[in-house]
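One structure is given below, encoded as structure tokens.
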Amino acid sequence: MTLLHNAELQATGKQEAPSGTVRISLPAAYAHWRLFPLIPLFQQRYPLVKLEFHVSNRCVNFSRDDYDLAIRGNELDDSSLIARKLEDAELLMVASPGYLRQHPPLKSLDCLSSHQCIQFVLPGSGRQAGWLVRIGEKRKEIALKGNLLCSEDYLAGVSLAKHGAGIYQIYRFVVADALERNELQEVLPEMNRATRPFYLVYPQAQHMPHRIRVFIEFIIDNLRQTESAIVGRA
């Protein structure tokens, strides 16, 4: 389709059904608990669009890697990218009921030093991710020690925590069902509710393909509705 033909279609209010492939990179937690539940609806609306998912905690380089979009957590350093905020995801510390019964009670942050705190190694830097807590109205990052370190798979720490191996910090949307089933319990709830942002990012482009544009609009609209529903239930 020529650019002139596309412009004529837009001017007359007519647009061919989007088709082709959209390649998106995103972290595992966001893929499984946020995006993937929405994909059947997208397929119903846009059956000619093929989606390819790169599920990894590693950040892609748009100038080198063949991706159209990415979803990433935390603040972004690359100002050349367009970034659309999807949500501020709440973090909390969790452990299994069995672990909590067998270890000293947790009454303050200082008590964490005597517990097994499961760590996640950041793929980009190789350092252990700090835990974010909220003290009053201030957000603070703390560094903790533990004999259990996970890399690549952010969800491995959840499995370890469920089996009673220690305490882990994770997004609330990941463990909401496990909390309801009492497979996990919230630790130091008064210190939780710190958040990390998630962004949809993509390179600036003068002419964006229709398939990518409708996917961006779909993600923004539906994830904001999901977040509003969660806030409404809180």
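The values are calculated or read from the model by the stated rules, or taken from the named source; none is laboratory data. Remember, predicted model here, so these are calculated numbers, not experimental data. Here Cβ is always computed from backbone atoms with ideal geometry, including for glycine, and neighbour counts include all displayed protein chains. Heads up: the accessible areas ignore ligands, DNA and RNA and are worked out on the full protein's heavy atoms, side chains in. Shrake-Rupley method; radii C 1.70, N 1.55, O 1.52, S 1.80 Å.
Residue check: is GLY146 in contact with a Cys (Cβ under 6 Å, 6 or more places away or on another chain), among the small types (Gly, Ala, Ser) and touching a residue at least 24 places away in the same chain (Cβ under 8 Å)? First the steps, then the outcome.
Values: in contact with a Cys (Cβ under 6 Å, 6 or more places away or on another chain): yes; among the small types (Gly, Ala, Ser): yes; touching a residue at least 24 places away in the same chain (Cβ under 8 Å): yes.
Considered against the rule, which asks whether it is in contact with a Cys (Cβ under 6 Å, 6 or more places away or on another chain), among the small types (Gly, Ala, Ser) and touching a residue at least 24 places away in the same chain (Cβ under 8 Å), GLY146 comes out as yes.
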Residues of the range 77-98 being assigned to a loop (DSSP other than H, G, I, E, B) and exposed (fewer than 14 other Cβ atoms within 10 Å of the Cβ), which ones?
ASP77, ASP78, SER79, SER80
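Restricting the range 61-75 to residues that are open to solvent by less than 80 Å² (accessible area, probe 1.4 Å) and assigned to a loop (DSSP other than H, G, I, E, B), which is farthest from VAL22 (Cα to Cα)? Lay out the reasoning, then the answer.
Applying the first criterion (open to solvent by less than 80 Å² (accessible area, probe 1.4 Å)) to the range 61-75 yields 61-62, 65, 67-74.
So of that shortlist, the ones also assigned to a loop (DSSP other than H, G, I, E, B) come out as 61-62, 65, 67-68, 74.
On the way: ASN61: 16, PHE62: 14, ASP65: 13, TYR67: 8, ASP68: 6, ASN74: 23 Å.
Ranking the qualifying residues of the range 61-75, first place goes to ASN74.
With the requirement that a residue be among the charged types (D, E, K, R) and open to solvent by 80 Å² or more (accessible area, probe 1.4 Å), what does the range 120-179 give you? Can you show your working first?
Pass one, the range 120-179, residues among the charged types (D, E, K, R): 127, 134, 137-141, 145, 152-153, 162, 172, 177.
Selection gives ARG127, GLU137, LYS138, ARG139, LYS140, GLU141, LYS145, GLU152, LYS162, ASP177.
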Can you tell me which of (1) of a type outside the set (Asp, Glu); (2) farther than 18 Å from ILE71 by Cα; (3) not in a strand (DSSP E or B) is the one VAL133 doesn't meet?
(3)
Could you check the range 31-60 and list, in sequence order, the residues that are surrounded by 15 or more Cβ atoms within 10 Å (Cβ to Cβ) and in contact with a Gly (Cβ under 8 Å, 6 or more places away or on another chain)?
VAL49, CYS59
In the range 143-154, is there at least one residue being at pLDDT 95 or above and under 13 Å from LEU91 (Cβ atoms)?
no
